[in-house]
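Single-structure report; data block below.
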Amino acid sequence: MEKVTIGDAELYLGDCLEILPTLQGVDAVVSDPPYELKMNCGTSKLYGTRVMQFDFDIPGVTRDTVLPALDLAFEKASSFHCFCDPEQFAGIASIARANGMTPKPWAKLKACPPPPMPGNWWPSAFEMACYGYKPGAFFGDQSAKRRNAMTFDSYRHGIRAEEKVDHPTQKWLPMIEYIVSSIVPPSGVACDPFMGSGTTGVACIRLDRKFIGIECERKYFDIACERIENEQRQARLAI
């Protein structure tokens, strides 16, 4: 295990199943764990060359790592928001209930969904998530128009290109900022057991929240450290 502290962010390189039991309570879990996704839809030139092939998660990671880790994390938290595969939703919701939370579905509608490919049915125009909360948990979104299905953009065609890093499932920073501001109280603590490129940590620095992140792969841990350090530096310059 390796620990790096950057301002109010504590970043751990190691196994989340070993690190989570050592942590104190947090306000919320905000995470995008591995989906155990495997797709090979081939290549099409109908809309320009486009390859739809994803195979970057370890088989069995949901059973062996994702669900046990979220169980440990939910025990320490008042609320959570977790992106997931449809097959993972029931397991995450069950763990949330066992930890005294009320789980509910949430969806990100894609501002620019993929075009239909030859031979497929309806292309995915949304991403699924599960959120939940214990009685009395903080909730900061007081908009009269708030819903559990919201439209957000993604890193495409150079949009916010300066934020894009070498990670296959990097989440859209404005979306994560919205989630963090909604379920993590001011000066509160967010935990991401599957930190990846550190987007949740960047959002926390921007919003003056504390952050605890865990990542098992050195490549992505280093990317997260660099992004969060850069964000912390910008925050200091703004004071």
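The values are calculated or read from the model by the stated rules, or taken from the named source; none is laboratory data. Model, not experiment: these values are computed from the prediction. Heads up, the Cβs are rebuilt from the backbone with ideal geometry, glycines too, and the neighbour counts pull from every protein chain shown. These area figures cover heavy atoms from the full protein model, side chains too; ligands, DNA and RNA do not enter into them. Shrake-Rupley method; radii C 1.70, N 1.55, O 1.52, S 1.80 Å.
Each part reduced to its alpha carbon centroid, the stretch 118-160 and the stretch 1-40 end up 21 Å apart.
When DSSP beta bridges are restricted to pairs lying wholly in the chain, around 55% turn out antiparallel. Most simply put, the stretch 107-239 has about 25% antiparallel DSSP beta bridges, counting only bridges with both residues inside it.
The chain: longest stretch without exposed trypsin sites (Lys or Arg not before Pro) (DSSP loop, at most 16 other Cβ within 10 Å), sites themselves excluded? In short, 46-144.
For the stretch 75-182, a/c is not less than 1.5, where a ≥ b ≥ c are the root eigenvalues of the C-alpha gyration tensor, and a/b tops b/c. That puts it in the prolate class. Angle between the Cα long axis of helix 218-238 and the longest principal axis of the chain, 0 to 90 degrees, nearest 10? Approximately 60 degrees, to the nearest ten. With all protein chains in place and a 1.4 Å probe, the accessible surface of the chain carries 54 percent carbon and sulfur. Against the chain, whose longest principal axis is taken from its Cα atoms, helix 67-76 shows a tilt of about 30°. Approximating the spin labels as points 7 Å out from Cα along Cα→Cβ, the Y155-to-E2 distance works out to 2.1 nm. Look at the dipole of the stretch 130-182 built from charges on Cβ: of G158, C130, W172, the Cα furthest out on the positive end belongs to C130.
From helices alone, the chain scores -8500 deg cm²/dmol at 222 nm; the rule is -39500 (n - 2.57) for each run of n ≥ 4 DSSP H residues, then divide by the residue total.
For the chain, the solvent-accessible area works out to 52 Å² per residue, with a probe of 1.4 Å and every protein chain left in place.
Shown here for the stretch 86-178: GluC sites (Glu not before Pro) in loop regions (DSSP other than H, G, I, E, B) with at most 14 other Cβ atoms within 10 Å, of which there are none. Answer with a single label: of (i) 23.1, 79; (ii) 17.7, 55; (iii) 19.8, 57, which was calculated as Rg and Dmax of the Cα atoms in Å from the structure in view? Computed from the coordinates, Rg and Dmax of the Cα atoms in Å corresponds to (ii). Compared with the dominant principal axis of the Cα atoms in the chain, helix 86-98 is inclined by about 20°.
Full extension of the segment from R206 to T22, taken as 0.36 nm per residue of separation minus the current Cα-Cα distance, would add 63.6 nm. Please work out whether the stretch 102-239 counts as rounded, prolate or oblate from its C-alpha gyration tensor, where a ≥ b ≥ c are the square roots of the eigenvalues and a/c under 1.5 means rounded, while otherwise a/b larger than b/c means prolate and anything else oblate? It comes out oblate by the Cα gyration axes. Taking a Cβ cut-off of under 13 Å around P185, the surrounding Lys, Arg, Asp and Glu residues balance to a net charge of -1, with basic ones at +1 and acidic ones at -1. When only the Cβ of Lys, Arg, Asp and Glu is charged (+1, +1, -1, -1), the dipole of the chain relative to its Cα centre reaches about 920 debye.
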